[in-house]
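All remarks here apply to the structure that follows.
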Amino acid sequence: MDWITTVDHKKIAILYLWAGGLFFGIGGIEALLIRWQLIKPMNDFVDAQTFNELITMHGTTMIFLGVMPIIFALMNAVIPLQIGARDVAFPFLNALGFWTFLFGGLLLNLSWIMGGAPDAGWTSYTPLSGTAYSGTHGVDFYTIGLQIAGLGTLIGGINFLATIITMRAPGMSFMRMPMFAWTTFITSAIILFAFPAITVGLVLLTFDRILGANFFVPGGGGSPVLWQHIFWIFGHPEVYILILPAFGIISEVIPTFARKRLFGYSSMVFATILIAFLGFMVWAHHMFTTGLGPVANALFAVSTMLIAVPTGIKIFNWLFTLWGGSVRFATPNLFASGFIPTFTMGGVTGVMLASAPADFQFHDTYFVVAHFHYVIVGGLVMGLIAGLHYWWPKMFGRMLSETLGKWTFWTFITGFHLTFFVQHFLGLMGMQRRVFTYLPNQHFDTLNLVSTIGAGLMGIGTLIFLTNIIVTSKKPPDAGDDPWEDGRTLEWSIPSPPPEYNFKHTPHVRGLDAFWKEKTAGNKGMAPAEPIGSIHMPSATPLPFIMSVGIFIAGLGFMFSRDHFGSALVSFLFNNYIVTGLGLLITFGAMLMRSLYDDHGWHIEPEELEGR
């Protein structure tokens, strides 16, 4: 009950972490099944339909349900601590964001046992995702599940924008914020503008499929290419929603383990802002083969190549931070250092794909698969694992094993490059993506075998990481306030794990790398910005959970509103929108309770803080 009703950002971070771990595991198993099917020519491990469901669910699960919650886990665990706040701006909304995300993800994955998973690819291109080609409820689970999960992400983005704008400690100007706080701030802004686009697209596709509308149906005057525009206007900013937090993590880890201030802090901030701005101007590079014409292709090619400039600034700044530093290769820094060349390789192939004539050849081949995974797995996932190792002692009060951490790194990165490096050449030799099998003697056989072996190694690396977590959880808490000894930001100035109220005194920030500045001045901790006083805390509540259950029921009811069941009663309940109405009644009833009951929270008094 404590976990269901909590509004504490640190507990919500742990909930996001376990939910993300669950979905990441499901997506990883789907990936291994895909690679096993492709281990040899003419394999019959799974049939074509199951393969289509696997590739759709693997992509959708990993992008929306696997890595997003782990990003939000680190944001929740770290951002209030980094800016000297006692909580996020809206603790109730924070809980609501998590539960709507979780129930949206569960709804999507229920498709495996309720009539078939979505099978139109993770991008769900029309007309393939229309009822003519996807006749089961699979794509309905996709559209409604992602709307519910996306609502949670949008709520989270708004919450972090408000938190960072209004709750920074005294003295922490924007140009004194840690880079992870900056990337969270800019990521939240991108979420605010990008997620409404995909929500509109998913609503229109739902109307096409369930209510018989014609937004994307050519026979009724609709346009299949309209879906591509709507999807990629969201989809390309989504790539930066994913990768910018990883940039922020790397920008925290490298200075700590190089014992140096981040090189070019201001240029890093402005490069991040520029990436976010340009990220909304490049969506049609995913559509070079749709026939937009030479002018549109040229414009989007140029804007795509421009985005390489601020990204390059970041890469050189990380290298210059390491250069001349007193570098220590603890596990977080191994992942951070491995991130730099790996992500750079993904960026270089991105520039290749930005050239419209070249993209005509690369499009829909394994070259694109290799590029995307170098950016998302080689970039984002490596960054997230670095961040988890780095902040684990702060979140849980226990240090992860360095030995197991190094085993995780070497097995994961070796497996990663084995899996995806060869896929560039598979694509150049003409192997198309999304094919469930291939003929022998096309020079695909050996490279697919190598790729599958690499995927197995990545799986072993992930299992070693899980083993590390389990082994560590059985040890007594052993992490100090500043377990890496070179922590630079405010979270390292308080106990590990932090108390419920985070900071006994609101800290006074005197510069960039606030805690490092105090340590170099010979101070043991942060100077207080105010005398110790009564701390207001928000009350726990089950309402976010109840609201999310209601949305889940309403989504399920709407999805099956046109079906005929064996039972007349069940058909009556679904066909007359009674189930949908019941779900909405639960949600709006909980909202009404929230509105009418004025909960003032509770207080921790100074006597309790002083331990008297």
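The share of alpha-carbon pairs in the range 452-502 lying farther apart than 17 Å comes to 58%. Taken over the range 224-379, the ratio of Cα radius of gyration to 2.2 N^0.38 Å equals 1.12. Entry comment: accessible area of the chain is 39 Å² per residue, from protein heavy atoms only and a probe of 1.4 Å. Think of the range 9-56 as having a plus end and a minus end, set by charges on the Cβ of Lys, Arg, Asp and Glu; of Ile39, Gln49, Tyr16, Tyr16 sits farthest toward the positive end of this dipole. A crude spin-label estimate for the pair Leu428 and Ala213, with each label 7 Å from Cα along the Cβ direction, gives 4.5 nm. Here the peptides 35-45, 518-528, 562-572, 151-161 are ranked by packing, the mean other Cβ count within 10 Å, and the order with the highest first is 151-161, 35-45, 518-528, 562-572. Among the DSSP helices (H) of the chain, those spanning at least 30 angstrom by Cα along their long axis with an average Kyte-Doolittle hydropathy of 0.5 or more are 9-37, 138-166, 179-210, 224-258, 331-354, 402-428, 445-473; this is a geometric and hydropathy rule only. Were the residues from Asp599 through Ala162 laid out at 0.36 nm apart, the gain over their Cα-Cα distance would be 155.2 nm. Computed from the alpha carbon positions, the gyration tensor of the range 71-162 leads to an equivalent ellipsoid with semi-axes of 34, 12, 10 Å, biggest first.
Show which lysines lie in cross-link reach of Lys10 when reach means a straight Cα distance below 18 angstrom and same-chain residues fewer than eight apart are skipped. Here the lysines satisfying the reach criterion relative to Lys10 are Lys394, Lys504. Shape class of the range 1-149 from the alpha-carbon gyration tensor: prolate, with a/c at 1.5 or above and a/b greater than b/c. For the chain, averaging the sequence separation of C-alpha pairs within contact (under 8 Å, six or more residues apart) and dividing by the residue count gives a relative contact order of 17 percent. Here the dipole of the chain is about 1060 debye; that uses its Cα centre as origin and unit charges on the Cβ of Lys and Arg (positive) and Asp and Glu (negative). With a ≥ b ≥ c the root eigenvalues of the C-alpha gyration tensor of the range 311-466, is it rounded (a/c under 1.5), prolate (a/b larger than b/c) or oblate? Oblate is the answer for the range 311-466, as a/c is 1.5 or above yet b/c matches or exceeds a/b. Peptides 365-372, 141-148 ranked from most to least packed by the mean count of surrounding Cβ atoms within 10 Å: 141-148, 365-372. Sorted largest first, the principal axis extents computed over the alpha-carbon atoms of the range 517-598 equal 76, 31, 13 Å. Projecting the Cα positions of Ile63, Gly312, Phe560 onto the charge dipole of the chain (unit charges on Cβ atoms of Lys, Arg, Asp and Glu, taken about the Cα centre) puts Gly312 furthest along the positive direction. Inter-label distance, Glu402 to Thr290: 5.2 nm, where each label sits 7 Å from its Cα along the C-beta direction. On the beta carbon distance between Asn523 and Ile4, with R0 = 35 Å, the FRET formula returns roughly 0.25. Listed by chain and number, the aspartates and glutamates whose C-alpha is less than 19 Å from the C-alpha of Lys517, apart from same-chain residues fewer than 8 away, are Glu252, Asp481, Asp482, Glu485, Asp486, Glu491. With contacts taken as Cα pairs under 8 Å and at least 6 residues apart, the range 52-129 reaches a relative contact order of 62 percent. The apolar share of the surface of the chain, taken as the fraction of accessible area on carbon and sulfur atoms (1.4 Å probe, ligands and nucleic acids excluded), comes to 70 percent.
First check a/c for the range 443-592, with a ≥ b ≥ c the square roots of the eigenvalues of its C-alpha gyration tensor; if it is under 1.5, answer rounded, and if not, answer prolate when a/b is larger than b/c or oblate otherwise. It is oblate, given that a/c is not under 1.5 and a/b is not larger than b/c. For Glu530 and Leu299, a Förster radius of 30 Å and the Cβ-Cβ distance give a FRET efficiency of 0.05, rounded to the nearest 0.05. Highest mean packing comes first when the peptides 577-584, 288-295, 357-364, 500-507 are listed by Cβ atoms within 10 Å, giving 500-507, 577-584, 357-364, 288-295.
With charges only on Cβ, +1 for K and R and -1 for D and E, what is the dipole size of the range 1-154 about its Cα centre, in debye, rounded to 20? Rounded to the nearest 20 debye, it is 380 debye.
The values are calculated or read from the model by the stated rules, or taken from the named source; none is laboratory data. The shown structure was predicted, so the numbers you read here are calculated from the model rather than taken from an experiment. No Cβ is skipped: glycine too gets one built from the backbone with ideal geometry, and neighbour counts run over all protein chains shown. In case anyone asks, the SASA skips ligands and DNA or RNA and just uses the protein heavy atoms, side chains included. Shrake-Rupley method; radii C 1.70, N 1.55, O 1.52, S 1.80 Å.
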